[in-house]
Amino acid sequence: MRIVHTEASCGWGGQEIRILEESKGMIERGHEVLLLCPPESGIHTEAVRWGVAVEALPIGRKKLQGVLALRHWLQTHRIDILNTHSSTDSWLTALACASLSQSPPLVRTRHISAPIPDNGPTRWLYTRATHHIVTTGEALRRELIERNRYPASMITSVPTGIDPARFYAGDKPRVRQLLGLDTDGHYLGIVATLRSWKGHLYLLDAFSRIEAPDWKLLIVGDGPMREALQKRADELGMQGRAIFVGQQTEPEKWLRALDIFCLPSYANEGVPQALIQAMMTELPIVTTPVGAIGELISDGSTGLIVTPKSAEALATAISKLMRDTATAAALGQRARAAAVASYSREAMLDHMTRIFESVLAGSQTA
């Protein structure tokens, strides 16, 4: 198949990584894959490193220029499947396709749990302009069916798959030495884009309440909240205890260095990749029941789930795992088994291949 992905977002996070990981996997299976995105976007730069073909188009804003650019591109290229990802590129692509006498079928992937407006134009986009909707979690699928009343037959949940050969528990002292960390210390950590709704502020507040001088907090990632988070860490007197390591191209090494993983999100989550990665790494996890996280973590079995926006609840759960290492280890082992069984990279690629083939067959039949 000749598959084209569009992505308007100029940020960098799990959504963009999912697009590139899926694209790379499809290329390895013999498909032709191309990414269309704004030239200034993070994914444009990263695509080359991932070995994914990329072309720049002015699709970062909902403007006529973007529609015309996509329309011209589609007129001059023959492809089988269009897979859109963000709101902006979905609208631009749908309008470009609607203006053509012939266009490829459109698949829309929804990565987050933010509500979709319930109005006529949006319903057209999702049920008329789009041939199939993919969500990254079952909770997101149910919301579209129950809240937006979209046909269940045209929506499929395909969680992001993670490679268990890349994410696994390793030699903590050795990896800490490689990363320049204290080999004898203990580390609580989060791997996530520094956005408000990821809950970093609550994690900082929670960690400041815990009396554990031999523990440090590793904050892996970058984003628009970095300055505010560093300021808050200073206000809490956490210099030297909260360590900002920035964006990392090998998050698996940082996960192997951790003793506990925490993701205290309070909005917008689908099925977070970092959470699956932490599960694969056999880490004990503290998180919240936001979006489709409940599909990943079973409270008390594969992790601990706490109330969102509660530094007190976070501190209590984290402290419990710090003290009870046997329980922490058991949670991590069960998390690894659950993630390998249900969230592998190959399962994701198999599922997306079936969807693309089905959509393509239906389009050809029509």
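What follows is calculated from the coordinates using simple rules that are stated; it is not laboratory data. These numbers were taken from a predicted model, which means no experiment stands behind them. Here Cβ is always computed from backbone atoms with ideal geometry, including for glycine, and neighbour counts include all displayed protein chains.
Things worth noting here:
- The convex hull defined by the C-alpha atoms of the stretch 110-164 has an orientation-averaged projected area of 4.0 nm².
- Simple spin-label estimate for D171 and K309 gives 4.6 nm between the two label positions (7 Å along the Cα-to-Cβ direction from each Cα).
- Subset of K172/K231; K172/K216; K172/K320; K24/K309; K24/K63; K63/K198 violating a 25 Å alpha-carbon distance limit: K172/K231; K24/K309; K24/K63; K63/K198
- Shown here: the stretch 126-237, whose C-alpha atoms stretch 56, 37, 23 Å along the first, second and third principal axes, sorted largest to smallest.
- Label corresponding to Kirkwood radius over Cα pairs in Å when calculated from the structure given, among (1) 25.3; (2) 22.0; (3) 21.3: (3)
- Restricting the calculation to Cα atoms, the stretch 29-124 shows an Rg/Rh of 0.96 when the hydrodynamic-style radius is the Kirkwood one.
- Whole-Å distance, taken between Cα centres, linking the stretch 330-351 and the stretch 307-328: 24
- Where Rh is the Kirkwood radius over Cα pairs, Rg/Rh for the stretch 149-189: 1.37
- Rg and Dmax, both from the Cα atoms of the stretch 186-279 and both in Å, are 12.3, 34.
- Net length available on complete extension from R2 to Q247 is 85.0 nm, with 0.36 nm assigned per residue and the Cα-Cα distance removed.
- Rough spin-label spacing in nm, given labels placed 7 Å along Cα→Cβ, for E235 and L178: 3.8
- Stokes-Einstein D for the stretch 1-78, Kirkwood Rh over Cα pairs, 10 °C, 1.306 mPa s (µm²/s): 125
- Backbone phi angles across the stretch 279-290, fed through the Karplus curve with coefficients 6.51, -1.76 and 1.60 (θ = phi - 60°), yield HN-Hα couplings of 5, 4, 7, 6, 8, x, 10, 10, 8, 10, x, 9 Hz in residue order; Gly and Pro are listed as x.
- Centre separation in Å (Cα based) which lies between the stretch 64-87 and the stretch 161-218: 41
- Extending 7 Å from Cα along the Cβ direction at L100 and again at K63 yields two label points whose distance is 2.2 nm.
- Across the stretch 172-342, the fraction of Cα-Cα pairs farther apart than 24 Å, rounded to a whole number, is 27%.
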